Amino acid sequence: MRYGTATISISVILLLIICFPSWSAAQYQVQHTAPTVINPEDNSTLRFSVPGISRSDIQQAYLYYRTEGDVSYNQQQVDYRQGTFQTKLDINSDESSSVEYYFSLTTRDGNRTTYPEQNPSDQPVRVEVVDRESKDPDLKNKEGTLAAKIGYNILSPDPDKRVSREDLVIAATFFYEDTTIQKGSFQLHLDGQNVTSEAQTSSYFLSYVPERITRGSHRVKIVYERNGSRYKVAEWSFEIGTPDTETEALSFQQGQENFTSGEVQFSARDQQVAQSQDDILRGRLRMRGRQGDLRYSVTGNLTTQESSRLQPQNRFSAELRYQDWAELRAGDFYEQMSRMTLSGRRVRGVNAELHLNGDNINGMFVYGRMRRSVPNLYQAIQSSYDTVGTTGNQPIIDSTYSMSFQNQGRGAYQRKIVGGRISFGDRTPIRWGLNAIKVQDDTNSVDPVNDFLDVTSRPDRLTSQLTNEEIQYLQQNPGALSVTGTENPKGNFVTSTDLSLNLDQNRIRFDTEVGVSMLNNDINGGYLTQERADDLGLDLDHSTEDILSQLSWFIIVNENMSTLPFRYDQSGSGDSELQPFVPMGIFGGRSEARFYYFDHRLRVQYRWMGPDYRSLANSTIRRDLSGFNISDRFNLLQNQIFVTLGYERLQNNVLGTEDATTTTSTYRTNLSWYPVRSDLPRISAGIRLRDRGNGVERTNPFLSGDQLFASVRNVRTTGSDTVVAPRPVNAFTTQLNFSITQQFEVADILNDATFNVSYLKTDDQAFRYGGVESMSYSFQLQNRYTNLPLNTRIGFHLNQSESRGGLASFDIYGVSLGGTAFLLDDKLELSGRLAYTRNTQKSESLEVNQNKVTNVFDNYYTRSGTMQTEENNTYAVNFNARYQLATRHSLVALADFTNVVSRSANRSLPNDRILELRYIFEF
Amino acid sequence: MFISIKRLISLGVVILLTSVSMLTMGPKAVQQGEAVEPDEGNDKQKVAKTSDNLPEERPIAFVRRFKPQVNIFNAAAGKFAEAEKAEKLYDGDTLMTGKDGYAAVQFMDKSLTKVKPSSLLLINGSVDNSTQSNSTRILLKAGEVMMDVEDRNRGDFEVATQTSVATVKGTKFGSSVDSKGSSTHFVLEGSVEVFARESNQRETITDGQFARVSQDGQDIETGQLEDDELDQRQKEFDDFDKKLESKKVKFRFRGEDGEIREIELEYYENDQQ
């Protein structure tokens, strides 16, 4: 029966490959079902599917996430596996009651697709974080508290050890005095699942032999339950695979200190995408080991897709750790220093850390590059002539010479980073830290064209379309050449200091960080000298020039700073004299206090970010923002109901330099029911109301009625003058979310069903075509067959959105089927997925009605009257097989097939297909 | 999947012998024919043993791996049972390995004891909640064991025989009792103090040494083992671990009414067939 099912699956797939004719969409849509809640115990995996995409289309995919109240997003790379993008989200529930995230995919043609599709950073996906463990410090796993009074010994398997499936026994023993804790029971969780009913548990000992467990990493957690509250006793991970020792899994080398283990992969892929044939080879190495007190790990990824036009696709890293106090990393790593300096960016370089005196003195140093240089590729210079007038009978002709980049020819400067952190204290009760980074582009890494003199020194045939006269003219007037889109090399220095306090047994926590940032948008000319200042009509004295010279080690200061640290004072000679001063806009800070009392988690946060606070090492920091956020999360019914109440008020224009200040007030409520019994559903419902406004009314003396609210400019009259007024902002957003997850068993099949509904509506009171309304449904059913080695999945997704006041709408309907079968005594794993998406887009463009041609202030938007419709059907088939050749050797085969038919264009194109073979050796 | 006639017969003999031994003989069937004395040498903490309403007792070890036949006599319940993976062992329990049986027993401090075929041992011990330490004594009545004792528990681990007591001061060592009653202790790593019960003579042996106590418990003979012999002793135990992978066989029967029934049995390969 099992073999028959696999045979049928393969036949269906082959039939689809033969029968389906055509291809290829340029626009991708991301499908995703958000989890109802995220439980930090469960090691949540987020999955995003993008019908129609193939691995060769992907340039990069990232998940941006932040916990409640964070000023910026963290980013982590998302893997593409078996036709979906997958990544694990590691959330520390101590930090927040909710997490927000969005997914960003950049394809090789430069297009970016996100989920959510509209304004993802402003309207990310929000999911409640629930942790059923009690947060009462008396009950947490800290010294002197209840769980700490329970000693334990992990008997098997050892933490981080690799054992074979046949040899696995999970066992632990407990030590405690009967009189010190009240009667309760131990529970065992494996990969987030409560398996206590299948384990042998008693007051002092616990053991469990799983009947079925997959290869790979697994997590064990032992919890002590008392009166509905749970206290974590122990938690560790292990791996199922080929054991570390060569001979047997259990020998007198148990507990040995020296080991080496790892994995080597080679893969070969043949693909045909958009009629382009390509062969890609990849190699990957992962190795870790231990020699006495020294631990090491090495990873490497090599691919023939490496290109000098892209950031590195080949990745390497090596890490050494000596006991718990010294670490050294080299290669590619994602560094985390602090939220306001360096957070989650990939750096290729070296990183060293020291932790002394039991983590009371810590130091970190980073040096490397965040980006490698990519040369510019230009098109040939184009000349154009326009007649702009006449003089007498002779026309006046204006000549223009311009040069632009080739398709994807824009280059990039190499961006280097050097920085460090030093901190004192391990946060209990206090920790103080100081951070500093310098990010600077290497001006010699790219050879840009700024004027015609730079062209003559290049080997490219950039003058091939010019006449000799034109070339001569440009040689005499090199500045006449206009080069568009050139990126200037930047420099950035950021420093911050942070302080953390933990009081009253961690019931009170306080964190604050204050930073200052300086950004130079063009460091080409170096620091500002007296000579350059004279050219600019400024008077710069020698002492100030000296200061700038010394500062250039940290940041190059010249006229291209995002905020000039100078004030202009009129000198006696009439020149403007530069006086240094400290602009407030380059500062930023955030403070947060959390209180844990009576099952409440109260958080109060305040932040103030100047408009010029920028870190090139953390581009997701929101600037020009001030305000506070207060939220309370409390639990009811013995940690089964979680309630969140929150209020946030933010404003921009923190320096008061703009004509209007936008204020955003957000009210948020969420209720989650997370019952202990697995036969009851888990439900989460939330409402979010947001009011944005700047107090500016829509005004235009030349328009009225509907035309007023469709005006191109906001205009007011002051006396006899007509001036452009600030753009009005007045919008109210209502967002509703509902999610339910239910586990149930039918005919020996364990099922997990999740249903999500979300609704968003924005009423724009200031602009006729600004409203948005969106409704989204998704359903997912996962089945695990108790008596069959089979898992299946079915998903359904519907998204109906309307924007621009009804001018644009899109409907996305998608359905997917998938399954995994384990055959031949788990040696063969077959996975398949079939997805269909129908995408209908309608849009009507806006045109500018110029009304009276002589008056630019009375223009207003009107509908063009032409509705464009595009409909696409996408079919995607993914197939994956993994076969264990021998104890340490595996073979994986992958097949992807994609077909997109454009119903509106009625076209038929060749299919895309990918075939890949991969060999894996574990040691 | 079907097996050869030869293996089928071996399997049947194993099943038959196990059934007979469980029903009639118990541990007395092992070489010395001695009665089981679950309380012998038990100078550690005791728990009241009644057949019903047993208070919860802390196990002192569990069966980490095994290959049939391995039986455990539970002192509190007063009955034998076939061992299972992760089976708990309590103070006063007896473990017996059959002719082809093998067991690896792990104690609560992670010390490991490997038990060769045809061995019989009585386990006594206790656990100190405050120091999380074990006090363990293994009374080896027959056969051979090899132990890897956790460093922190060196002072409270003993292997006793009828004629000697070995107190562990090191980490890896083995003990055996031959058919005549003399006992031998050998050390792979660390040191062991051997005490002859009758003469009170004591000897400490270290890496690569052995101590043999005569059957009357009077004399202790010590010596050095050759490297080859040490390797061979360790290899024997390692080989047992390698052969723990079981195989499955299906028997298909057709009933009187023509219905088909299948029974799946698990079996282990033995060296002797």
Stretchable slack from A:LEU281 to A:THR657, in nm (0.36 nm times residue separation minus alpha-carbon distance): 129.8 nm
Label-point gap, in nm, between B:SER118 and A:VAL853 - each point 7 angstrom along Cα→Cβ: 11.5
Accessible-area composition of the stretch A:680-922, carbon plus sulfur, in percent [1.4 Å probe]: 52
Residues losing 40 Å² or more accessible surface upon assembly, the stretch A:197-218, compared with the chain by itself, 1.4 Å: A:TYR204, A:PHE205
Pairwise FRET efficiency - A:TRP553 versus A:VAL195, Cβ, R0 = 51 Å, nearest 0.05: 0.30
Pairwise FRET efficiency - A:LEU708 versus A:SER383, Cβ, R0 = 51 Å, nearest 0.05: 0.70
For the stretch A:817-891, size of Cβ-based charge dipole, Lys and Arg +1, Asp and Glu -1, in debye: 180
Principal semi-axes in Å for the stretch A:745-833 [√(5λ), Cα gyration tensor, largest first]: 42, 13, 7
Dipole in debye (nearest 20) - the stretch A:443-570, about Cα centre, beta carbon charges: Lys, Arg +1; Asp, Glu -1: 520
Global form of the stretch A:264-306, assessed from the alpha-carbon gyration tensor, a/c cut-off 1.5: prolate
Cα-Cα over 25 Å, subset of A:LYS827/B:LYS235; A:LYS161/B:LYS114; B:LYS79/B:LYS235: A:LYS827/B:LYS235; B:LYS79/B:LYS235
Under 13 Å, Cβ to Cβ, from A:ARG286 - net charge with Lys/Arg +1 and Asp/Glu -1: 0
Shielded by partner chains, the stretch B:111-130 residues - at least 40 Å² of accessible area, 1.4 Å probe, vs chain alone: B:LEU112, B:ASN129
Protein accessible area in the stretch A:295-401, 1.4 Å probe - carbon and sulfur %: 55
Cα shape, the stretch A:263-502, gyration tensor, a/c 1.5 rule: oblate
Residues of the stretch A:680-922: accessible area per residue with a 1.4 Å probe, Å²: 50
Positions from the stretch B:61-106 whose accessible area shrinks by 10 Å² or more when the full protein complex is built, not the chain alone, probe 1.4 Å: B:PHE62, B:ARG64, B:ARG65, B:LYS85, B:ALA86, B:LYS88, B:GLN106
Residue among A:VAL724, A:GLY819, A:LEU885 farthest towards the positive dipole end of the stretch A:680-922, charges placed on Cβ: A:VAL724
Percent of beta bridges antiparallel (DSSP, the stretch A:263-502, rounded to nearest 5): 95
Where N is the number of residues in the stretch A:680-922, Cα Rg divided by 2.2 N^0.38 Å: 1.52
Dimensionless Rg ratio for the stretch A:494-570, taking C-alpha atoms and the 2.2 N^0.38 Å reference: 1.65
Whole-number accessible area per residue in Å² for the stretch A:400-533, which is evaluated in the context of all protein chains at 1.4 Å: 47
Pairwise burial A:B, computed as accessible area of each alone minus the pair, summed, 1.4 Å, Å²: 2700
Among A:SER343, A:SER384, A:GLN305 the positive-end extreme of the charge dipole of the stretch A:263-502 (Cβ point charges): A:SER343
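The values are calculated or read from the model by the stated rules, or taken from the named source; none is laboratory data. These numbers come from a predicted model, not from an experiment. Because the Cβ atoms are built from the backbone with ideal geometry, glycine has one as well, and the counts that use them run over all protein chains shown. Ligands, DNA and RNA are excluded from the accessible area calculation, which covers all protein heavy atoms including side chains. Shrake-Rupley method; radii C 1.70, N 1.55, O 1.52, S 1.80 Å.
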